[in-house]
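A quick write-up on the structure given underneath.
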Amino acid sequence: MKIIVAVTGASGTNYATALLRELAKQKVEVHLIVSEWAGEVMKEETGKKISELKKLATKSYSNKDLAASISSSSFLVDGMIILPASIKTVSEVLHAHTSSLITRCADNMLKTRKKLVIGVRETPLSGPTLENLWKLSIYGAIIFPLSPAFYHKPRKIVDLEAFIVGKALDLLGVPNKKFKRWEKK
């Protein structure tokens, strides 16, 4: 498998780190793009640097590198996940503002009908944001609210992260056992 992972400046970069660890463990080829603000948010939330994320990827790119091989719709890839996705990025993807590598790759996923997962970690959501997410879903994106479940009785933050990562892997078609699946007793 070959996946593009984009990390933007929304809260929740810990989800991206956990996802990248699992993808590396499963030997999935990962092409990573990190926005400038993602680095700032990651530093604030976790005390870690973007260089730690880059070590987990097969290849990483500057968000400004519009000539990168992944910027072309001819680049063969199985899908893309934006985790976490800022509301700014959601709006740019919806309106085909392809002035960054993240939004250009996302636009390629939509126009080639490849899997695009958008992990939104924002609350509450405004009317315009809800409309943008709805329209993106109509255009083929999978809207993935980063809202963990509690039926698996999480005890630690890593249990909540594992649930989100497991669901993200499910959406990307990567087999996993990251969380206990729902079972009626």
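Bear in mind these aren't lab numbers, they're just calculated from the coordinates by the rules spelled out. This is a predicted model, so every value here is computed, not measured. Note: ideal-geometry Cβ built from the backbone for every residue, glycine included; neighbour counts use all protein chains shown.
Values for this structure:
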{"item": "Residues satisfying the stated conditions in the range 14-69, i.e. under 16 Å from Ala85 (Cβ atoms) and among the aromatic types (Phe, Trp, Tyr)", "result": "Tyr15, Trp37"}
{"item": "One residue from Leu101, Leu53, Leu83, Leu32 being farther than 21 Å from Ile164 by Cα and crowded, with 16+ Cβ neighbours inside 10 Å", "result": "Leu101"}
{"item": "Filter result (in contact with a helix residue (DSSP H, G or I) (Cβ under 8 Å, 6 or more places away or on another chain) and either surrounded by fewer than 20 Cβ atoms within 10 Å (Cβ to Cβ) or not β-branched (Val, Ile, Thr) (or both)) within the range 159-173", "result": "Glu161, Ala162, Ala168, Leu169"}
{"item": "Among (1) farther than 17 Å from Lys2 by Cβ; (2) part of a helix (DSSP H, G or I); (3) within 15 Å of the chain's Cα centre (by Cα), the one test that Met109 misses", "result": "(1)"}
{"item": "Top-ranked residue in the range 68-86 [being under 15 Å from the mean Cα position of the chain (by Cα) and small (Gly, Ala, Ser); ranked as farthest from Ser99 (Cα to Cα)]", "result": "Gly79"}
{"item": "Contacts under 7 angstrom Cβ, first residue in the range 140-168 being farther than 19 Å from Thr46 by Cα and in contact (Cβ under 8 Å) with a residue 12 or more places away in the chain, partner among the aromatic types (Phe, Trp, Tyr) and exposed (fewer than 14 other Cβ atoms within 10 Å of the Cβ), 6 or more apart", "result": "Tyr151/Trp182"}
{"item": "Hey, Ala96 of a type in the set (Gly, Ala, Ser), touching a helix residue (DSSP H, G or I) at 6+ places or on another chain (Cβ under 6 Å) and more than 19 Å from Val30 (Cα to Cα) or not", "result": "yes"}
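Here is a yes/no grid of residues against (1) in contact with a Cys (Cβ under 8 Å, 6 or more places away or on another chain); (2) under 26 Å from Asn132 (Cα atoms):
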| residue | (1), (2) |
| --- | --- |
| Gly9 | no, yes |
| Leu19 | no, yes |
| Lys43 | no, no |
| Ser51 | no, no |
| Leu66 | no, yes |
| Ser71 | yes, yes |
| Leu83 | no, yes |
| Ser86 | no, yes |
| Val93 | no, yes |
